[in-house]
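All of the numbers you see were taken from the coordinates with simple rules; none came from a lab. Being a predicted model, the structure only gives us computed values, none of them experimental. We place every Cβ from the backbone using ideal geometry, glycine too, and count neighbours over all the protein chains shown.
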Amino acid sequence: MVDSIYALIGAKPLFLWTDILIWFLVAVIFFGVSYTRRRPHLLQPWRRVSKSRLAMWSLAVLMVYVVIGLLDSIHFRYSLEESSVQKEVHYSVEAHTLLDLLLSDIRDSGEKSYSSPMAKNLFVQESIEREDGSVGRDYPLLQSAESHLLGTDKVGQDVLYQSLKSVRTGLVIGTLTTLIMLPFAVLLGIMAGYYRGWIDDMVQYTYTTLNSIPGVLLIAAAILMIQVYIDNNASLFETTEERADLRLLFLCIILGVTSWTGLCRLLRGETLKLREMDYISAAHAFGVSNLRIITRHILPNVMHVVLISVVLDFSGLVLAEAVLSYVGVGVDPTMYSWGNMINGARLEMAREPVVWWTLLASFLFMFTMVLAANLFSDVVREAFDPRLQSRGDK
Amino acid sequence: MSYIFRRILYAFPILMGVNLLTFFLFFVVNTPDDMARMQLGMKHVTEEAIDNWKEERGYDRPLLWNVTAHGSEQFTETLIYIESLKLFKFEFGKADDGRSIGRDIEERMGPSLSIAVPIFIIGILTNITFALIMVFFRSTYLELSGVVLTVVLMSISGLFYIIGGQFLVGKMMHLVPISGYVGGFDSFRFIILPVAIGVISGIGSGVRWYRTIFLEEMGKDYVRTARAKGLSEFRVLFHHVLRNAMIPILTGAVVVLPLLFMGSLITESFFGIPGLGSYTIEAINAQDFAIVRAMVFLGAVLYIIGLLLTDLSYTLVDPRVKLS
């Protein structure tokens, strides 16, 4: 039944792990927003955020990125031409997304090599046949002249297309990493602060140990190991996207492992302070169970710490991706990402004449997103941090 | 004294944890068989070749528990015991190309330090200076533009500082070589560009960090007292606030001090400096697990030394803190 629908459309959806998680995150955020809207005391700090024009502009910029990223998170595979011998339908090994459909113009206009932004001719000389029949070296005309807003790269692919496709990678790393590490950090941090004793010792031991390993090296070690696993089990993956996606997911997990310690320590400290409060003692006196005290009285009162750290971490993680890809332990080399773009283009500055547009494009796209995230997180932190509030009131 | 001793003892379980984690990553997730197959080429590998590869490196023992041995040897004749013991004795063994990892690390420490130490010292001084200036001129347009500038600087990837800096200074102005390294006095020419870029790329987050520390101190009572005594703003800032802010500044700075030995991955590999950072990158690219494992362990040891130094330095700056 389902198969016949796929055959009719000529495409079959491909559910990548990160796609599922991304849409799950969207659902969580949607739920969170509708939950907050009904509670005025939760809405109050957001009112303060919405009063800041800077924050609203940054949010608008971020939303543009999010829409691009979400469009790029619906994957499907085209069915191949049916052969008369086999009845079974085969699907392309290359996955496409909704974003690819929208950008099919610039995606498919295949040039041969470098061309500068909005150029008519190729950037490099080739031997071509002139009209009078003689052969000479010249700059040949492009397939689609003046249509590449940001030029094309070494193999003739549109740079704007690459930059747009990289948006998803950046967003996935910035958000999923936090999503993955959040349950551990919140659970362990609150438990350590609330129960103290041996649980506290265990949690502290765990995060000191993880902290003592230099982050990049731990990530490098883990990614190298995952790569060995992927290479040894190549048959598990039908498409290159699935293979790259598994590596991306593990990169998020391992980044989460290295970055949850900071939040965990903050939460532990905050819970230690909260558990001495009068209202917690009162709850104890009334015979409220530990679990209920944690979920009803402690968790809501540390949520601002969680929120601030989530927003603050985002831009750092996006920047980290570029560095990791340069080291060779970032996302899969076949995946579009700003890190891979920079890595591929860094030697182009040494060319004569200089090929500058790939670097400029990745710089602009990354800088805009990180700057917007930084500005937005500053405002959020000021609105939610009670300490900063009191300072402002003085 | 007994405190220091206890802290050193406390470091051992942490190192054990690090060791277990790396062992798990490097030997359990992928067995030596997998690694052998990858090193020797994916296909057309005979069992003999794998066994030879393992024997060469001493990886032919069982991982966790030796069933064939007797008594305590059941535990000691295993990969986990022998490999852990080697790390704790700082015997890192040989890299895949046959060079001694220990000697390589010793040789490469010098170049790493010659980059990392100047970046660290000049960086801290610059950041504190800028942060003090911003706090001194607080609530003016000078501060506002300073805050905006730090956010902008923070939003630029470290890679672009290096690429841009190399392009401007090395290629367009032909002032200093783009990359490379020589020992001795001549190294100055090679060091100056990476150091400058290292300092500049750290300004954004650094200045912001010190500024929050200073602002926090400015809100305290002793500052109000000092002002009430009629001291000039300059004197309050440099004699009172700066001294008290030394405590949080030290916490941040001393921890990273031992890690300077590890060098900087990105800076070193971009500028072709033969330090430990580029050593690690080369190892990662060559998939040389022995080197990566050694560097992970070394990094953890240095970090723990950093924590210890932080505790000790507290007593030096803040007479109120007593070790107990």
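Here the Karplus relation 6.51 cos²θ - 1.76 cosθ + 1.60, evaluated at θ = phi - 60°, turns the backbone of the stretch B:216-225 into coupling constants of 4, 5, 4, x, 8, 5, 5, 5, 5, 4 Hz, with x for every Gly and Pro. A cut-off of 5 Å between modelled amide H atoms, ignoring neighbours fewer than 5 places along the same chain, links residue A:91 with A:80. In this label model, residue A:205 and residue A:292 are separated by 3.4 nm, measuring between points 7 Å along each Cα→Cβ vector. Note on the stretch A:159-393: Kirkwood hydrodynamic radius from all Cα pairs is 20.0 Å, rounded to one decimal. Relative to the compact-globule estimate of 2.2 N^0.38 Å, the Cα radius of gyration of the stretch A:217-296 comes out at 1.85. The chymotrypsin sites (Phe, Trp or Tyr not before Pro) of the stretch A:192-277 that meet both conditions, a loop assignment by DSSP and at most 16 other Cβ atoms within 10 Å of the site Cβ, are A:237. Annotation note: GluC sites (Glu not before Pro) in the stretch A:202-287 located in DSSP loop regions with a Cβ neighbour count of at most 10 within 10 Å are A:276. Mean residue ellipticity at 222 nm, helices only, the protein assembly as shown: -22000 deg cm²/dmol; runs of at least 4 DSSP H residues each add -39,500 (n - 2.57), and the sum is divided by the number of residues.
From the largest down, the protein assembly as shown spans 93, 74, 70 angstrom on the principal axes of its Cα atoms.
Here's how it looks for residue A:14: its modeled amide H is under 5 Å from those of A:75, A:76, A:77, which are all 5 or more places away or on a different chain. The angle between the Cα long axis of helix A:215-232 and the main principal axis of chain A comes to about 50°, on a 0 to 90 degree scale. If R₀ is 25 angstrom, what is the calculated FRET efficiency for the pair residue A:20 and residue A:229, using the beta carbon separation as r and rounding to 0.05? Result of the calculation: an efficiency of 0.75.
Counting only alpha carbon atoms, the long axis of helix A:299-327 and the longest principal axis of chain A meet at about 30°. Rounded to the nearest Hz, the phi-derived 3J(HN,Hα) couplings of the stretch A:46-62 under the Karplus curve 6.51 cos²θ - 1.76 cosθ + 1.60 (θ = phi - 60°) are 5, 4, 4, 4, 5, 6, 7, 5, 4, 5, 5, 5, 4, 4, 4, 4, 4, where x marks glycine and proline. For the stretch A:285-383, the C-alpha radius of gyration sits at 1.67 times the compact-globule guess of 2.2 N^0.38 Å, with N the residue count.
Amide H to amide H, with H built 1.01 Å from N, residue A:150 comes under 5 Å of A:118, A:159, A:160, counting only residues 5 or more places away or on other chains. Applying the Karplus relation 6.51 cos²θ - 1.76 cosθ + 1.60 with θ = phi - 60° to the stretch A:185-191 yields 3J(HN,Hα) values of 4, 5, 4, 5, x, 5, 5 Hz, where x marks Gly and Pro.
Each 10 Å bin from 0 upward holds the following percent of the Cα-Cα pairs of chain A: 4, 18, 25, 23, 16, 8, 4, 1, 0, 0.
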